Structure formats: structure tokens, C-alpha cells
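Single-structure report; data block below.
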Amino acid sequence: MSDKLVLQGPQADQAALARIAALLHPARTVELHAHALRCDGFDLTPALKADVEAAAHAAGIDATFIGAERTLADFRLVAMDMDSTLITIECIDEIADMQGLKPQVSAITEAAMRGELDFAESLTRRVALLEGLPTEALARVYKERLQLSLGGEAMLQAVQAAGLKTLLVSGGFTFFTERLKTRLGLDYTHANVLEEADGVLTGRVVGGIVDAAEKKRTVQRVCADLGIETTQAIVMGDGANDLQMMGVAGLSVAFRAKPVVRAQADVALNFTGLDGVLAILA
């Protein structure tokens, strides 16, 4: 199968995209929209691929090489991580900020996302620091700080219109995933449950922790429920905790991701919004 190259960037015009495309001497270029260009009919070598990717990154442009015939119609499910993927924040860090503990919790979060700490252990440590926090702090984080990532809503609307199902699977908390499920019309969600008593958090999680292995199992369970193969799933994430579920996907998308995740993903969106996947699969 031949490859296509999709170049896109939120600040890039067609002239900037064409300058990167010219490195390939493509037989054909097609404007996908004002900030995206498709290139076909080129001879690709590892050195040329590296040159294109380096030039694109320096220009704030995402360069994606992918099979020329791959389209959104190849897929039946979009599965997403929540924190720093579908939404811009790490919810636990913002909850901790209500306790004046954001620096301590953020440091643990970052180490876990880079793959330097076991996720379950890191979550247990972080949640323990929330003991005694009034549960109303969760509502404040949702109302005051939670925002969807660039292109998130447009991406979801497009895949839902195309008939794909949606899954939000998170090492975060059901307080947020359930609200996003209602708000965005998502089909499935799975996350951790924060234990509370007498209006305050106890510093514990109820039941098993949604770690990397559980995220992978969740994608597999939902695919089985839908009667599809995991290769018919697009899986999006940003941290080491997402790598196992991304590994079983037909298309893995690293969004504003840690280096360890970008290195293993099929697609890396470093500049474009989540809706960048639509141009890639157009």
C-alpha cells in the first residue's frame, strides 16, 4: 500500500504547508482545508521521512505518513484518555490545588505519565493527599477549570455523525467522566471512584484502579461488546498509562504526548487539535 502525507497546523497556511510538501516532490497535493494539505505519489526513504518530520516540527506543523487508502470508515470506535487528552487539565492536580498541594501531586502525576512510576502506586499516593477535602471541590474543578482540548468537540461530533461509538477511559475519576458522558453524548466511560464520607474525601479509591492494563482490557471489552476487532478502534492518549490500550488499536494517536508515547504511536498531534485525526483519515 502506498503512503500519503497529511500536513496540518493550526497557524499554518497553504504556502507554509506547500514548502514542507515540496521536500517530497509529490505527484499530487490536495488542500483538505485552510490549514491542512494531503500529498500523494512520492518515493519515501527513511532519511527523507526524517527530514520532512524535522522541518514540519520546526514550523509548528504535524506531519503524518499513513496508508493512502485509510479512512474513517475503517473504524467503529474512538477510545480516549481524559486528562490532558480530551480535556486540558489533570483533574487530580486541580483537586489537589484546593488543598494547596498541587506542586506535590503534579510532580507525582508527571513522573507517572513519563512512565517513571507505577501508575496504581502513584494514584494511591496522590489520592491519599486529598483526605479531608470537601467533595464540593470536585464540582468547582469541573465548573471552573475543566475545558475540552482544542478540536475535541468537533472531532466527537464528526465521528458520532459517521456512526462510530465513543469510549472515555480514564485513570481519573467518575465524577468527571460521567458528566462528560452526558455533556458530549459518549457511549461508554470507565474511571476510578473516589471514596467519600460525610461530605469529604477519605483519601481512598473504591474498588480496582484503572491502570494501563485495565485501560487495555476496557478497550477490548467494549470492542467485544460491539462485535468488532480492536483493530477497528482509534485510541488516543498522552501518557505512559495509555500505551497498552494504544498498542491494541488499529490507529494510535498521541496527543500533546510525552516522548515515550509519541515514539510508539502511529500518529502524533503536537500542534493540531484532536480534530486533526479527521484530516488524516479523510
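The values are calculated or read from the model by the stated rules, or taken from the named source; none is laboratory data. Just so you know, these numbers come straight off a predicted model, no measurement behind them. Positions of Cβ are backbone-derived with ideal geometry, glycine not excepted, and every protein chain shown enters the neighbour counts.
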Next item on the list: Considering only the stretch 60-97, state which residues are assigned to a loop (DSSP other than H, G, I, E, B) and out of contact with any strand residue (DSSP E or B) (no Cβ under 9 Å at 6 or more places or on another chain).
Entry: GLY60, THR71
Check: Restricting attention to the stretch 160-179, which residues are in a helix (DSSP H, G or I), out of contact with any Cys (no Cβ under 9 Å at 6 or more places or on another chain) and surrounded by 22 or more Cβ atoms within 10 Å (Cβ to Cβ)?
Finding: THR177
Note to self: Condition first: farther than 17 Å from LYS4 by Cβ and either exposed (fewer than 14 other Cβ atoms within 10 Å of the Cβ) or free of Cβ contacts under 8 Å to residues at least 40 places away in the same chain (or both). Now tell me which residues in the stretch 44-60 satisfy that.
What the structure shows: PRO46, ALA47, ALA50, ASP51, ALA54, ALA55, ALA58
Checklist line | Subset of the stretch 224-282 [among the hydroxyl-bearing types (Ser, Thr, Tyr) and in a loop (DSSP other than H, G, I, E, B)] | finding: THR272
Next item on the list: Return yes when ALA111 is small (Gly, Ala, Ser), touching a Leu at 6+ places or on another chain (Cβ under 9 Å), buried (at least 17 other Cβ atoms within 10 Å of the Cβ) and not in a loop (DSSP other than H, G, I, E, B) and no when it is not.
Entry: no
Notebook entry, point to check: Does ALA240 count as over 25 Å from ASP3 (Cα atoms) and modelled with pLDDT under 95?
Noted result: yes
Notebook entry, point to check: What are the residue pairs meeting all of these: first residue in the stretch 94-120, first residue closer than 18 Å to GLU144 by Cβ and in contact (Cβ under 8 Å) with a residue 40 or more places away in the chain, second residue of a type outside the set (A, V, I, L, M, F, W, C) and part of a helix (DSSP H, G or I), Cβ atoms under 8 Å, and 6 or more apart or on different chains?
Noted result: GLU94/LYS102; MET98/ARG140
Next item on the list: State the number of residues belonging to the stretch 1-50 that are assigned to a strand (DSSP E or B) and not β-branched (Val, Ile, Thr).
Entry: 14
Check: Which of the residues spanning the stretch 237-272 are under 10 Å from the mean Cα position of the chain (by Cα) and either surrounded by fewer than 21 Cβ atoms within 10 Å (Cβ to Cβ) or small (Gly, Ala, Ser) (or both)?
Finding: GLY237, GLY239, SER252, ALA254, ARG256, ALA257, ALA268
Checklist line | Selection count where residues are over 16 Å from the mean Cα position of the chain (by Cα) and surrounded by fewer than 18 Cβ atoms within 10 Å (Cβ to Cβ), scope the stretch 81-96 | finding: 0
Next item on the list: Please state which one of VAL200, VAL159 is touching a Pro at 6+ places or on another chain (Cβ under 8 Å) and either in contact (Cβ under 8 Å) with a residue 12 or more places away in the chain or closer than 16 Å to MET82 by Cβ (or both).
Entry: VAL200
Item checked: Neighbours by Cβ (under 8 Å, 6+ apart or cross-chain): first from the stretch 2-24, touching a residue at least 24 places away in the same chain (Cβ under 8 Å) and β-branched (Val, Ile, Thr); second surrounded by 18 or more Cβ atoms within 10 Å (Cβ to Cβ) and part of a helix (DSSP H, G or I) -> VAL6/ALA279; VAL6/ILE280; ILE20/VAL52; ILE20/ALA56
Margin query: Based on this model, can you work out whether ALA63 counts as buried (at least 21 other Cβ atoms within 10 Å of the Cβ), in contact (Cβ under 8 Å) with a residue 40 or more places away in the chain, closer than 18 Å to ALA265 by Cα and not acidic (Asp, Glu)?
Written below: yes
Checklist line | Looking only at the stretch 185-211, and only at residues there that are part of a strand (DSSP E or B), touching a helix residue (DSSP H, G or I) at 6+ places or on another chain (Cβ under 6 Å) and of a type in the set (Val, Ile, Thr), the one that is farthest from PRO134 (Cα to Cα) | finding: THR189
Item checked: Identity of the residue in the stretch 1-26, of a type in the set (Gly, Ala, Ser) and at pLDDT 95 or above, that ends up farthest from LEU150 (Cα to Cα) -> ALA22
Next item on the list: Check off (1) out of contact with any Lys or Arg (no Cβ under 7 Å at 6 or more places or on another chain); (2) in contact (Cβ under 8 Å) with a residue 12 or more places away in the chain; (3) assigned to a helix (DSSP H, G or I) for VAL127 and give me the number that stays unchecked.
Entry: (1)
